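A.B. asks: Supplied in structure tokens, the structure appears directly below.
The values are calculated or read from the model by the stated rules, or taken from the named source; none is laboratory data. What you see is a predicted model, and the numbers here were worked out from it, not measured in a lab. Methodologically, a virtual Cβ is constructed for each residue, glycine included, from the backbone with ideal geometry; neighbour enumeration extends over all protein chains shown.
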Amino acid sequence: MRIPLILLAAAAAALAWSAQAQPAGDDSPDHYFAELDRQCPDKLLQYLSTPDLRDGLDEWIDGQSPDAQEQFRSAENALCAPTGAGAACVDQADIGAADRLGLTSDLASAICATFLRCRGQGDCDHAE
């Protein structure tokens, strides 16, 4: 009888810990999408697929200072590692970190330069 109660308590603790890792009231995605709309509204880059956005974020982060790169890695680990979440979580963590570092405008500018346009969800062209 004790083992199921212990397992239930452990599951509840893990769930509470996971929820604590999620930023409450995080407006950074809104800031990012608003900046995309301001800088390149006709490109419809809100339709980028998770892998395409991941590629753009990786390229942009590689050009940041070592200190900023460390902050991005820390944000990714804090938000995504506890839950084992995938690339969409890492994208969200990086967008949040960019917002906290005051780099949202620069990030949006880089994404606008990396992609020509999107015609629909995941149907996007690289600028190369």
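Conditions tested, residue by residue: (1) loosely packed, with under 14 Cβ neighbours inside 10 Å; (2) within 15 Å of CYS40 (Cβ to Cβ); (3) at pLDDT below 95.
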residue: SER65; (1), (2), (3): yes, no, no
residue: ALA75; (1), (2), (3): no, no, yes
residue: LEU79; (1), (2), (3): no, no, yes
residue: ALA85; (1), (2), (3): no, no, yes
residue: VAL90; (1), (2), (3): no, no, yes
residue: ALA98; (1), (2), (3): no, no, no
residue: THR104; (1), (2), (3): no, yes, no
residue: ILE111; (1), (2), (3): no, yes, no
residue: CYS124; (1), (2), (3): no, yes, yes
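A.B. asks: Tell me the residue from THR104, THR83 that is in contact (Cβ under 8 Å) with a residue 40 or more places away in the chain and closer than 19 Å to ARG38 by Cα, please.
C.D. replies: THR104
A.B. asks: Could I ask something else about it? Give the residues of the stretch 37-54 that are touching a residue at least 40 places away in the same chain (Cβ under 8 Å) and under 20 Å from ALA87 (Cα atoms), sorted by residue number.
C.D. replies: LEU45, GLN46, TYR47, LEU48, SER49, THR50, ASP52, LEU53 - these are the residues of the stretch 37-54 that are touching a residue at least 40 places away in the same chain (Cβ under 8 Å) and under 20 Å from ALA87 (Cα atoms).
A.B. asks: Among the listed residues LEU48, LEU44, LEU36, which satisfies the condition of being in contact with a Phe, Trp or Tyr (Cβ under 7 Å, 6 or more places away or on another chain) and either at pLDDT 95 or above or closer than 20 Å to CYS124 by Cα (or both)?
C.D. replies: After ruling out the rest, the residue left standing is LEU48.
A.B. asks: Okay, next question. Scan the stretch 30-89 for residues that are among the charged types (D, E, K, R) and in contact with a Ser or Thr (Cβ under 6 Å, 6 or more places away or on another chain) and jot them down. Walk me through how you get there before you give the answer.
C.D. replies: Of all residues in the stretch 30-89, those among the charged types (D, E, K, R) come to 30, 35, 37-38, 42-43, 52, 54-55, 58-59, 62, 67, 70, 73, 76.
The answer is GLU35, and nothing else.
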